[in-house]
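Q: Encoded as structure tokens, here's the structure I'll be asking about.
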Amino acid sequence: MTARVPGRSNEVRDPVHTFIDFNSLEREVIDSLPFQRLRHVHQLALSGQVYPGASHKRFEHSLGVMHLAGRIFDVVTKEEKLSDEVRDLVPKRGEAEFSYWKTVLRVAALCHDIGHLPFSHAGEEDLLPEDWDHERITLELIGSGPMAEVWNSVRPSPVPDDVIKLALGPKKVASLKLDLSFDDWEGVLAEIITSDALGADRIDYLLRDSLHTGVAYGRFDHNRLIQTMRILPRSPERDSEDGGDFGEPQLGIERGGLESAEALLLARYFMFAQVYYHPTRLIYDEHLKDFLRAWLPDGRFPVEPDGHLSYTDNEVWAAITKAAEDAGADGHDSARRIAHREHFRVVDERQIAEDVGERSIAVTAVFEALRERYGAESVRFGRSPKRGEAPDFPVMQRDGKVASSVSLSEVLRQLPVARDEYVFMPADLREDAKKWLKTERDNIVTAAAERVEKESDEEKEDGES
Amino acid sequence: MNPMAQEALVARLARTLRENDSWTGETHIQKATYLLEVLADVPFDFDFILYKHGPFSFELRDELGNMQADRYLSREPQDPPYGPRFSVTESGRQLEERFAKTMARYGSKVDWIAAQLRDKGVASLERLATALWVTTHEGDGLGLEERVELLRGIKRHVSEENAAQAVREIDELLASAPS
């Protein structure tokens with residue numbers, strides 16, 4: 001293949017960003033098999049069963065993340081945005097290093113999701129070998145045959161480890177125990193894609209998911225937010241002998257963007273509750289996992305690149321449709337529940353004000369009690385990760401001083417931290433189970449709390465003796 | 001370590017840091033937990049990596065969020081420009097009490113590290129934790145000057161004097177850490 005120099009010559013229309021343009025190198029990545037596969041992986045898994053419009057794919061999301069990452073890079077590297085404390089961090093505009101890192105950033109943004117399984121996150125925890133997740137597959141793919149051909153075909157050729165670092169970010173690099181380190185500049189670039197507060201991934205998925213689901217909570221003024229982004233020293237945590245030492249740089253905003261950032265974090269909070277961890281979506285995930293365990297060879301997705309690339313939502317949907325109509329097929333019952341919308345219903349859920357502290361195990365205790373009473377096949381459990389807890393990021397005030405976002409924003413201070421948990425059962429058992437729980441729930445939770453604490457404390461003692 | 005016992009120890013650490021006049025922001029808890037794990041062999045299930053601000057655990061960050069969701073910890077916003085502080089709720093204090101055996105085993109180590117760190121600020125803690133990282137990961141048998149050089153290679157803005165002080169302080173803590 002002839003080596004090509006990136007030029008900016010392609011564009012596609014996009015419902016969120018209107019136009020997304022890309023150069024010849026990025027086109028090589030887009031045309032690669034791992035990236036084209038994302039045309040067949042739904043962004044929101046089976047949320048389409050709840051929100052009919054949620055039929056969009058990881059393909060267009062990844063294009064959107066590339067687009068936003070490039071925009072953020074252009075904004076935060078403007079000369080007038082660079083304070084003396086961070087100027088030396090940024091390569092000089094016009095130099096090869098500057099364009100190299102912009103290229104790596106946009107390519108990493110494109111590649112950040114190529115390791116996703118069919119139906120995205122739905123089966124990740126249970127359907128991969130131990131210590132594998134979609135990011136580890138992403139890592140393998142970036143270094144694999146199809147992508148290596150891309151890297152070798154263009155100049156300047158991105159170093160795969162640089163792409164991996166920016167695509168996965170430090171949290172995943174750490175959890176995968178990769179021997180990769182981040183300098184300050186690379187840390188900021190990774191934040192442009194992966195930051196909890198201001199990252200391009202989050203901005204795009206909130207806007208895109210909101211648009212396609214019709215849930216308006218996910219909208220916010222991202223254009224204003226991006227225009228106010230800056231590389232800033234970290235906000236101070238205390239007044240001490242360290243006064244004036246604000247630590248290493250990170251992605252932040254100017255004061256004028258604070259309301260847009262508040263809107264983003266509120267959007268995240270609402271979308272988690274309304275869309276991503278909607279209880280019906282959670283139970284569809286459980287039925288899907290049950291089906292895949294029965295249908296997949298050895299109950300696991302393959303993780304080597306060729307095997308991974310051979311599975312998309314299409315193959316799984318076709319199998320679900322077929323198994324739903326064949327009583328002898330592996331996974332028939334789960335397939336029927338998905339295809340015929342005969343999913344389990346909620347019989348218990350976390351009580352926000354009551355199931356805290358020692359009673360935080362309440363829903364898992366109810367789950368165990370219901371399994372014992374009705375049988376394991378009739379009871380399923382689903383939970384969201386915690387949501388809320390606004391990330392703290394630096395904000396440059398109008399006097400030029402840097403402050404903590406949480407110290408400046410009453411909205412961010414009040415954002416509640418919550419976690420949702422549910423127990424599900426078939427519709428025909430639901431009323432009986434709820435009636436039983438009405439009288440027994442408190443006893444179940446109290447007894448379980450006492451038991452768990454006793455066992456936990458003793459286990460530690462025994463284990464260390 | 002059992003997750004609930006671990007939460008009880010984190011609650012105790014946050015409480016004793018506050019009692020020792022620590023600001024008790026996330027950085028303070030991160031660095032104190034790292035020092036506790038390495039210096040005093042408290043078997044937390046947190047993996048630390050060398051990140052922008054020295055040794056850091058994303059798992060511990062998630063745990064602090066979970067403990068807020070379960071109302072064991074609360075995050076107290078501060079007046080600008082400062083970041084939030086953590087405090088232990090009544091439920092968090094009760095959690096400590098319920099894990100009496102865990103506290104009997106590790107509680108004094110937690111109290112020791114909190115007393116050693118007292119009101120240190122984030123920059124001091126970052127230097128100290130990075131000095132420990134250098135000593136345990138790179139500095140097997142290395143002298144003070146070599147470790148100072150390694151530390152300054154990682155954190156270039158740290159002066160030679162501050163780096164040397166951090167390495168000396170780590171050597172003292174290693175010598176006095178409870179077994």
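Q: What's the magnitude of the charge dipole for chain A around its Cα centre, counting Lys and Arg as +1 and Asp and Glu as -1 at the beta-carbon? Answer in Debye, nearest 20.
A: On the way: 60 positive and 87 negative charges, 412 e Å.
Using only the charged Cβ atoms, the result is roughly 1980 debye.
Q: Dividing the Cα radius of gyration by the Kirkwood radius, what Rg/Rh value follows for chain B?
A: Working: Rg = 16.0 Å, Rh = 16.5 Å.
Ratio value, two decimals: 0.97.
Q: Considering the alpha-carbon set of the stretch A:384-426 alone, what are its Rg and its Dmax in angstrom?
A: Cα radius of gyration and Dmax of the stretch A:384-426 are 16.3, 60 Å respectively.
Q: Using only atoms on other chains, find how many Cβ atoms lie within 10 Å of each Cβ of peptide A:403-411 and report the average.
A: Values: counts 6, 9, 4, 8, 8, 4, 2, 1, 0.
The shielding value for this peptide is 5.
Q: Where Rh denotes the Kirkwood radius from the mean inverse Cα pair distance, what is Rg over Rh for the stretch A:12-273?
A: Values: Rg = 18.4 Å, Rh = 19.1 Å.
Here Rg/Rh amounts to 0.96.
Q: Helix by helix, which DSSP H runs in chain A go 20 Å or more along their axis at the Cα atoms and have an average Kyte-Doolittle hydropathy of -0.5 or more?
A: Working: long enough: A:58-76 (26 Å, 0.53); A:96-111 (22 Å, 0.69); A:279-295 (24 Å, -0.62); A:427-464 (47 Å, -1.57).
Those that pass (Cα extent of 20 Å or more, hydropathy at least -0.5) are A:58-76, A:96-111.
Q: Would you mind computing, in nm to one decimal, how far apart the modelled labels at B:Arg156 and A:Thr321 are, each placed 7 Å from Cα along Cα→Cβ?
A: That separation, rounded to one decimal, is 5.8 nm.
Q: Quickly work out the A:Val75-to-B:Asp41 label distance, labels modelled 7 Å from Cα along the C-beta direction, and quote it in nm with one decimal.
A: Reported label-point gap for B:Asp41 and A:Val75 is 5.2 nm.
Q: When every alpha-carbon pair in the stretch A:267-312 is counted, what percent end up more than 12 Å apart?
A: Working: 720 of 1035 pairs.
That fraction is 70 percent.
Q: Another question about this same structure. Across the Cα atoms of the stretch A:40-126, what radius of gyration and what greatest pairwise Cα-Cα distance (Dmax) are found, in Å?
A: Taking only Cα atoms of the stretch A:40-126, I get Rg and Dmax of 17.7, 52 Å.
Q: Determine the distance separating the Cα centre of the stretch B:114-145 from the Cα centre of the stretch B:1-64; give it in Å without decimals.
A: Here the answer is 15 Å between Cα centres.
Q: Next question. With the Cα gyration tensor of the stretch A:61-200 in hand, convert its eigenvalues to equivalent ellipsoid semi-axes via √(5λ) and list them largest first in whole Å. Could the numbers behind the result be given before it?
A: Details: eigenvalues 147, 55, 38 Å².
Result for the stretch A:61-200: semi-axes of 27, 17, 14 Å.
Q: Counting pairs on different chains as well as pairs 8 or more places apart, how many Lys pairs in chain B have Cα atoms under 24 Å apart?
A: 9
Q: Using only the alpha-carbon atoms, what does the stretch B:1-101 span along each of its principal axes? Please give whole angstrom values in decreasing order.
A: That gives 40, 31, 25 Å along the principal axes, largest extent first.
Q: Next question. Can you tell me which of A:433-443, A:417-427 comes out highest on packing, and rank the rest after it, using the mean Cβ neighbours within 10 Å?
A: Working: A:433-443: 13.9, A:417-427: 21.0.
Ranked by mean Cβ neighbours within 10 Å, highest first: A:417-427, A:433-443.
Q: For the stretch A:5-50, what class follows from the C-alpha gyration tensor (a ≥ b ≥ c being the square roots of its eigenvalues): rounded when a/c is under 1.5, otherwise prolate if a/b is larger than b/c, else oblate?
A: On the way: a/c = 5.04, a/b = 1.73, b/c = 2.92.
Cα axes put the stretch A:5-50 in the oblate bin.
Q: Moving to a separate point now. Per residue of chain B, what 222 nm ellipticity follows from adding -39500 (n - 2.57) for every DSSP H run with n ≥ 4, rounded to the nearest 500? Before the final figure, lay out the partial values.
A: Values: 8 runs with 110 residues, N = 179.
After summing the helix terms and dividing by the residues of chain B, the value is -19500 deg cm²/dmol.
Q: If only Cα atoms are counted, what is the Rg of the stretch A:82-123, and what is its Dmax, in Å?
A: Both quantities, over Cα of the stretch A:82-123: 16.3, 47 Å.
Q: Let a ≥ b ≥ c be the square roots of the eigenvalues of the Cα gyration tensor of the stretch B:91-176; is it rounded (a/c under 1.5), or, if not, prolate (a/b larger than b/c) or oblate? Provide the component values of the computation, followed by the final result.
A: Working: a/c = 3.05, a/b = 2.21, b/c = 1.38.
Note, shape of the stretch B:91-176 comes out prolate.
Q: How high is the relative contact order of chain A, given as a whole-number percent (alpha carbon pairs under 8 Å, six or more residues apart)?
A: Values: 764 pairs, mean separation 69.3, N = 465.
Computed over chain A, the figure is 15 percent.
Q: Check B:Phe46: other-chain or 5+ apart residues with amide H under 5 Å from its amide H, H built from backbone geometry?
A: It is none; the list stays empty.
Q: Related question: Just the number: Rg to Rh for the protein assembly as shown, Cα atoms, Kirkwood Rh, two decimals. Could the numbers behind the result be given before it?
A: Details: Rg = 25.5 Å, Rh = 26.4 Å.
Over the Cα atoms of the protein assembly as shown, Rg/Rh equals 0.97.
Q: On average, how much area does the Cα convex hull of the stretch A:1-147 cover when viewed from any direction, in nm²?
A: Details: hull surface 46.5 nm².
Mean projected area for the stretch A:1-147: 11.6 nm², to one decimal.
Q: Another question, if that's okay. With a ≥ b ≥ c taken as the square roots of the eigenvalues of the C-alpha gyration tensor of the stretch A:201-346, please select rounded if a/c is under 1.5 and otherwise prolate if a/b is larger than b/c or oblate if it is not?
A: Details: a/c = 3.06, a/b = 2.28, b/c = 1.35.
Taking the square roots of the gyration eigenvalues as a ≥ b ≥ c, the stretch A:201-346 is prolate.
Every number in this text was worked out from the coordinates using simple rules, so none of it is lab data. Bear in mind that the values here come from a model prediction, so they are computed numbers and not experimental data. Positions of Cβ are backbone-derived with ideal geometry, glycine not excepted, and every protein chain shown enters the neighbour counts.
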